1. If you take the residues in the stretch B:116-148 that are in contact with a Pro (Cβ under 8 Å, 6 or more places away or on another chain) and under 22 Å from residue B:64 (Cα atoms), which one is surrounded by the most Cβ atoms within 10 Å (Cβ to Cβ)?
2. When you look at residue A:152, is it modelled with pLDDT of 90 or more and surrounded by fewer than 21 Cβ atoms within 10 Å (Cβ to Cβ), yes or no?
3. Please state which one of A:340, A:352 is over 21 Å from residue A:170 (Cα atoms), part of a loop (DSSP other than H, G, I, E, B) and not basic (Lys, Arg).
4. Quick one: would you say residue B:320 is within 30 Å of residue B:2 (Cβ to Cβ) and part of a loop (DSSP other than H, G, I, E, B)?
5. So, restricting to helices (runs of 4 or more DSSP H) that lie completely within the stretch A:366-435, which ones have at least 2 residues that are within 24 Å of residue A:353 (Cβ to Cβ) and modelled with pLDDT of 90 or more?
6. Can you tell me which of B:96, B:169 is in contact (Cβ under 8 Å) with a residue 60 or more places away in the chain and of a type in the set (A, V, I, L, M)?
7. Kindly state which strands (runs of 3 or more DSSP E) lie completely within the stretch A:43-145 and contain at least 3 residues that are assigned by TED's automatic domain parsing to the domain that holds residue A:211 and buried (at least 19 other Cβ atoms within 10 Å of the Cβ).
Amino acid sequence: MTSQGRSSPLLEARNIWVVYSDGTVANKGVSLTLYEGEIHGLVGENGAGKTSFVHVLYGVVRPSAGEISIRGVKTRISSPQDARRHGIFMVPQHNVLIPSLTGIENIRLSNGKGAVERVHRIVDELGLEVDLETPVERLERGMVKKIEVLRALSTGARIVILDEPTSVMSPVEVEDLARLLRALRGAGFSFIFISHRLDEVVEICDRVTVLRDGQVAYTGGVDDVDRLYRLMFRGEEFLGDRHGGGGTDLLRVYLGIEGNGQEELANMYLSGSRGFTGYVPGNPYRAVVPGMSLVDNVRFRVLERDVDYEEFTLRIVRSYEVVAKDIYTPIDRLSGGNMQRFIVGREVELSQDRCVLMYPTRGLDMRSMALLHRRVWEAVERGCEVIYFTEDIEEALMLGGLVSVVYRGRVSEPVPADKADVDRLKMLMSGIGWS
Amino acid sequence: MQLYRGLATLLAVSIAVAAYSGVIILYGGDPVEAYLKMFRNAFLDPYGLRETMRLAAALGIISLGLSIVFRAGLWNIGAEGQYVLGGLAAGYVVYILSLHGGGPVVPLLMGALIGGLYAALPGVLRWRLGVNEVLTTLMLNYVALYLLYYVVYGVWRDPQTGFPVTPEIPSLYRLPEIGGFVGGLAIMLLLAPVLYHLLFHTRYGFKLRVYGLNREAAEYAGYDRRMIIVSGLFISGFLAGLAGAGDFLGSYYRLMPRFSSGLGYTAIIVALLASNHPLLVPIASILFAGFLYGSYTLAIVADIPTEATYLMTGLLLAMLVSTQYLERWIGWLARRL
């Protein structure tokens, strides 16, 4: 695939170690070579060291050992500004553009007039389909991500690090982004593509590096998903426990990209319930109190109820595999994935007759996802109704239950997950096939 | 994090002290000698100690209330007005109603209650109309201040002296002195653990803190926003009003145009200095009162202008408000080293 790539390495990171001041070792000698015109996938479960590694490349974290060469020249990258000077730019996971401005206005504001010309040149030469004239707030998220990639290139960057760019995109938008990246690859730009969706990595990337426990478990060409999965999770079987249970009424799955009316649907379910209704909001930060301990983060939720907070917190930490020093640790010390599992666990286990989960596995790796699915089914089995929102078709099918697609305020006829037609779901999610 | 917070506060204080020392040097003084003199005047001299403690009591009582409401993430900038109105309400009981029963108790409680209601008003505006409490509490300071001018220059003016002051109150209304100290200090020291308990060991205090740390989370958990906003502001106003009535009944015995002279603003600094922790407020208020009184004496004996004091308090406030950024910066620095 990388016929042009074998020339000379554009970027080489050798034997990178990252040791944080609290003693955590995030990277244990990670090496990665990026060629010109290559899309290089970087995968690994939560906490495998992906973020630390790219933060080293971007000058956010100083490595304890190891070296970086750019075009064969040994280089020290001491800050993001420094990284940009060396032609490296990182596109963060969450949108950083100003919503009321257009793509061009955003680019001019952050990088100046020369940047705008550069972007126009790239767009014209490659014939890219990008809407740079509409205010960003009116664009689909896939388009916004494409603009962010162009904004990165407008600085003159040759290497773009994409941090989970597809985590909130519909399949059609992912396909679209892939097309853009391929066109740019042809023009000699290189990408480091972080993802936890292996099917996408196989689809989009030329080569892939798998991190596990801070070490490189594999680096090379991409072949099949199953093999990558086993590499990521030291040989565990690919999610064997696809929950066959099709059409239980108690598990309602709503599939669709956020902002299509899910908020309103959730509110409907939240208002019509008798017992305690568990609720994980779309923005999980709404559900935690930063600066308070894990125990207090349980307490604040059920202040009026007679619960042994400490025992309950311990139970959640154990059964949801939350990594924390102890239950008195401030919740903001937890990593994103751990906090997410903690919140979902708290809500699922507190639920009496109903539980509303909005995108509970967003940003989680596949193993965590499988864990949460098991717990959701346990809740269903004890008679709790679970309303589950997701943006991911694979997840919806894996989970089971009754699946409906949500699109622009409309909800499709529910079908049992095991009888669902994947192509039809994809079409509905993209707005095709609605009567 | 606790450590970084402490270091940030220390850094804020150091910068303010350095600026004040700079002014002393500009005026040809020796900073070390000046600080020693301030300390002697404020804590070792019997008259000075009494004045310092009087100031500390008022500052501390107001700051205790502010530490509660600040924890709820609500910025009551109106303690100044609530303090003044507390004094006015007590004055109303003494001069107009002339209720003798109970001596100072009725005017004292009346002052506190009116101060509380005066603070609760912006709270109501906050939850009903979403009006920013910073603006309303700040503006109401002027309303209270001009009301004070109105009574002092007009209707309650002492006819005998002709000065813009109200008549001295009869002794039966006066707060008793305890061992030469004003009773206010005892009240502050008693209140501190009570408010600590309220904030850290009751459901109410817990809700208040949750609301302050993440409003959305408080709403997510179904807390009553109205109750938190209005009661939080009421408590802070109640204590500011208590301090105002207390100073009227316990140290000035009359109202005059410079009845408050910025205590309510200074108390904001004290609360922040104590990290909004009720048990630290007494310490912070005594230290700060010592500095204030000491620097006033310095103005008289060493020609260091009072403006230098304002410069330092202003700078200190700015630095303390920035502590969360300083804290982050220190954390960042610590990771780099």
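1. Taking the candidates together, the pick is B:137.
2. Criteria not met by residue A:152.
3. A:352 is the lone residue from the list that is over 21 Å from residue A:170 (Cα atoms), part of a loop (DSSP other than H, G, I, E, B) and not basic (Lys, Arg).
4. no
5. A:366-381
6. Of the residues listed, the single one that is in contact (Cβ under 8 Å) with a residue 60 or more places away in the chain and of a type in the set (A, V, I, L, M) is B:169.
7. A:88-91
Listed here are the residues, each with its yes/no results for (1) within 14 Å of chain A (Cβ to nearest Cβ); (2) outside any loop (DSSP other than H, G, I, E, B); (3) under 30 Å from residue A:297 (Cβ atoms).
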site	(1), (2), (3)
B:219	yes, yes, yes
B:226	no, yes, yes
B:231	no, yes, yes
B:234	no, yes, yes
B:237	no, yes, no
B:242	no, yes, no
B:256	no, no, no
B:260	no, no, no
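The values are calculated or read from the model by the stated rules, or taken from the named source; none is laboratory data. Everything numeric in this text was worked out from a predicted model, so none of it was measured. Positions of Cβ are generated from backbone atoms using ideal geometry, with glycine treated the same way; all protein chains shown enter the neighbour counts.
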